[in-house]
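Accompanying notes for the structure given below.
The values are calculated or read from the model by the stated rules, or taken from the named source; none is laboratory data. Quick caveat, the model's predicted, so the values are computed rather than measured. With ideal geometry, Cβ positions are generated from the backbone for all residues, glycine too; neighbour counts draw on all protein chains shown. Just so you know, the surface numbers come from the protein's heavy atoms only, side chains and all, with ligands and any DNA or RNA stripped out. Shrake-Rupley method; radii C 1.70, N 1.55, O 1.52, S 1.80 Å.
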Amino acid sequence: MGLRQVVTEPIRYGFAVGRVRVLEGRMLSGATYERLLDAPSFAEQIRVLSDTPYGTFLEGASTVEDVERAFDQALGELYRFLESANLPGPVIAFFRTPYDYANLKARLKADLYGQSVDGLLVDLGAVPAEVFAGPIGSLPKRFRAIAERAGDAGAADEESVSLEVDRALHAESLAHAAASRSRFLEGLAALQVDLANVRTLLRARVRERKNADARAMLIEGGTLSADALMRLYRLPVPELASALASGPGPLRGVDPDELADLARFDVIADDVQVRYLKRARRAAAGPEPVIGYVMARKAEVMMVRTLLIGMLSGVPEAVLRRRLRERYE
Amino acid sequence: MNEVVLGMSGTTWALLGAAFAAIGGGIGSAIGITTISNTAAGIVTEDADKFGRVLPLAAMPGTQGIYGLITAILVLSFFGFLGDTVPTISADTGVKIFLGCLPVAAVCLFSAIYQGMTAVGAAGMVARRSEDAGKALIFPALVETYAVFALIATIIILSRIAALYPVG
């Protein structure tokens with residue numbers, strides 16, 4: 001870091017970093033997660049969360065819809081903080097963009113099955129959610145192009161919709177990360193591509209897809225090249241998982257047996273991402289602590305949402321416990 | 001004895017040294033305090049009770065500005081600038097005075113900036129654990145050591161110049 005950066009970055013991001021240092025201390029502790037898991041009822045879970053930042057949003061919640069709404073509000077507050085943190089535009093776009101693509105995916109899948117998209121959209125993206133409920137022709141150009149490509153690839157295929165949307169999302173995330181000039185964010189975007197590719201590869205291997213089909217599904221821009229991944233594709237799933245867990249990529253060191261279990265992949269991927277984000281806590285200044293905190297709060301919201309909705313849906317505690325991710329601490 | 005060095009008289013060199021010390025320390029302190037104050041303001045925004053614990057950290061890079069001012073006053077005092085007439089200082093002596101001011105000018109400029117950076121990290125400690133406020137002060141204080149050493153060096157150099165090369 002040059003002297004100019006030493007001087008300007010702490011001044012530019014100092015206020016947000018100061019707030020983040022306090023807010024990190026208000027993130028849920030391991031003991032709170034244990035109490036949520038051990039709670040005998042949903043009402044008890046709400047009581048446990050009453051003194052946390054989620055307490056006000058969850059007041060009076062009693063249904064899955066209430067919980068979803070409460071956590072969307074909590075995320076909305078998180079993104080308002082992000083907007084006020086004086087971060088560069090591409091960094092904010094990096095966080096907002098996934099919601100736009102999630103809305104696009106929801107819209108295209110709803111169209112596929114002839115369903116209404118009402119209730120499936122989340123208003124946390126850069127584009128207002130209601131835009132995705134309107135005609136495809138009125139979508140922003142880049143989303144319209146994706147919708148057309150997905151249609152060309154076979155509109156009756158949910159997988160092709162997901163692939164087209166995810167490919168575009170990662171391309172845009174990589175572009176935002178590059179524009180932000182934050183190496184940390186660039187690394188995060190590349191890691192997300194790697195994790196998406198490994199998931200695709202494992203899923204394709206389990207389904208015994210042809211090499212060419214699997215290759216076509218991989219996304220460029222990660223630290224693991226598509227060619228390197230395809231060299232592993234000939235291996236059976238357990239050996240493929242072992243190779244990934246012992247190779248040079250971001251999955252080095254994970255349990256290969258868990259990696260081979262596709263049902264566990266999301267948990268493992270989130271843990272790998274949290275381990276990357278923890279580097280941000282070691283940075284005294286700059287955008288990294290803010291980025292790390294926002295990603296960690298997103299993960300926290302997802303975990304608490306899982307525990308509450310799991311309780312409402314009667315999911316056993318042991319199953320919920322296995323869904324818990326590594327915490328940002 | 002040279003009348004001028006690089007076109008400047010001894011008096012000008014001496015005043016330039018005093019000005020450099022005051023400017024270097026002042027700029028460094030201003031940047032250092034701005035750096036830590038932004039973070040401290042963010043911490044206090046979320047937890048007003050921490051004001052008293054982060055204030056010493058925010059004030060710490062301010063000392064380099066004081067060292068620069070002390071150096072400038074010493075030059076003015078040791079070499080007769082506080083009298084009614086302008087002192088006569090040879091160019092060689094003026095350059096020596098200028099060089100004597102450089103430890104404070106340079107070290108205080110950079111140490112205040114880096115002390116502000118260190119204080120940001122220390123403020124992060126205080127934000128997480130208020131009870132660590134005492135420990136947190138130690139790390140930026142270590143940076144202060146070198147500004148103090150520079151001030152001591154400058155004082156010794158200036159006092160020896162004043163003793164060995166008395167001005168008229």
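Key figures for this structure:
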item	result
Out of B:Y114, B:Y146, sole residue that is farther than 17 Å from B:G17 by Cβ, within 14 Å of another protein chain (Cβ to nearest Cβ) and of a type outside the set (D, E, K, R)	B:Y114
Among (1) within 13 Å of chain A (Cβ to nearest Cβ); (2) open to solvent by 50 Å² or more (accessible area, probe 1.4 Å) - the single one B:A123 does not satisfy	(2)
Qualifying residue in region A:71-81 (condition: under 19 Å from A:V290 (Cβ atoms), assigned to a helix (DSSP H, G or I) and out of contact with any helix residue (DSSP H, G or I) (no Cβ under 9 Å at 6 or more places or on another chain))	yes
Subset of region B:48-89 [aliphatic (A, V, I, L, M), within 27 Å of B:A105 (Cα to Cα) and open to solvent by 40 Å² or more (accessible area, probe 1.4 Å)]	B:L55, B:A59, B:I66, B:L69, B:I70, B:I73, B:L76, B:L82, B:V86
Candidates A:S160, A:S173 - the one that is within 20 Å of A:L112 (Cα to Cα) and either basic (K, R) or surrounded by 14 or more Cβ atoms within 10 Å (Cβ to Cβ) (or both)	A:S160
Selected residue (criterion: nearest to A:V315 (Cα to Cα)) from residues of region A:26-52 that are assigned to a loop (DSSP other than H, G, I, E, B) and open to solvent by 60 Å² or more (accessible area, probe 1.4 Å)	A:P40
Qualifying residue in region A:66-74 (condition: among the β-branched types (V, I, T), farther than 19 Å from A:E300 by Cβ and at pLDDT 90 or above)	no
Residue among A:V301, A:V290 that is aliphatic (A, V, I, L, M) and either under 30 Å from B:G32 (Cβ atoms) or assigned to a loop (DSSP other than H, G, I, E, B) (or both)	A:V290
Which listed residue, of A:E24, A:E44, A:E9, A:E34, is more than 23 Å from the chain's Cα centre (by Cα) and in contact (Cβ under 8 Å) with a residue 12 or more places away in the chain	A:E9
Boolean, B:T45 is within 30 Å of B:Y165 (Cβ to Cβ), open to solvent by 10 Å² or more (accessible area, probe 1.4 Å) and among the polar types (S, T, N, Q)	no
Lone qualifier among B:P87, B:P56, B:P61 - being within 12 Å of the chain's Cα centre (by Cα) and not aliphatic (A, V, I, L, M)	B:P61
Candidate set: region A:231-251, residues that are closer than 20 Å to A:Y276 by Cα and in contact with a Lys or Arg (Cβ under 9 Å, 6 or more places away or on another chain); chosen: the one most open to solvent (accessible area, probe 1.4 Å)	A:S246
For B:A106: the one exception among (1) aliphatic (A, V, I, L, M); (2) within 25 Å of B:T34 (Cα to Cα); (3) at pLDDT below 95	(3)
Candidates A:A85, A:A93, A:A16, A:A74, filtered to the one that is small (G, A, S), farther than 30 Å from B:S130 by Cα and within 23 Å of the chain's Cα centre (by Cα)	A:A93
Some residue of region B:150-158 being assigned to a helix (DSSP H, G or I) and within 14 Å of chain A (Cβ to nearest Cβ)	no
Hey, B:A19 more than 14 Å from chain A (Cβ to nearest Cβ) and open to solvent by 10 Å² or more (accessible area, probe 1.4 Å) or not	yes
Per-region count, region B:35-56, residues hydrophobic (A, V, I, L, M, F, W, C), within 7 Å of chain A (Cβ to nearest Cβ) and free of Cβ contacts under 8 Å to residues at least 60 places away in the same chain	1
